[in-house]
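The numbers here are math on the coordinates, done by the rules we state, and not lab data. For clarity, every value in this text was computed on a predicted model and none was experimentally measured. FYI the Cβ positions are ideal-geometry reconstructions off the backbone, even for glycines, and counts take in every protein chain you see.
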Amino acid sequence: MIRNVEASVLNTLRTRATARGLSLEAELREVLTRAAGHPRADLAEEFAAVRAATPNKPHRPAEDLVRESRDER
């Protein structure tokens, strides 16, 4: 059980739940389930979505960008 959640947070979640056609309880279950999930898998999905949204842009690995940044110092 979670207590002492700010009213503004509950209102935001309640509004989000209503917009998605869910009860507040169902919305909270989904939020907690996502938060307890595998963050790396979630990030990989988000990165894939960004890549799909920008298909004509060159994609450079993050390691290359980090190396360049280190070399500039």
Exercise. Is at least one residue of the stretch 39-58 over 15 Å from the mean Cα position of the chain (by Cα) and of a type in the set (A, V, I, L, M)?
Worked result: yes
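Quick test for you: out of 25, 63, 30, pick the one residue that is in contact with a Leu (Cβ under 8 Å, 6 or more places away or on another chain) and either without any contact (Cβ under 8 Å) to a residue 12 or more places away in the chain or not in a helix (DSSP H, G or I) (or both).
On the way: 25 fails: in contact with a Leu (Cβ under 8 Å, 6 or more places away or on another chain); 63 fails: in contact with a Leu (Cβ under 8 Å, 6 or more places away or on another chain).
Result: 30 is the single residue among 25, 63, 30 that is in contact with a Leu (Cβ under 8 Å, 6 or more places away or on another chain) and either without any contact (Cβ under 8 Å) to a residue 12 or more places away in the chain or not in a helix (DSSP H, G or I) (or both).
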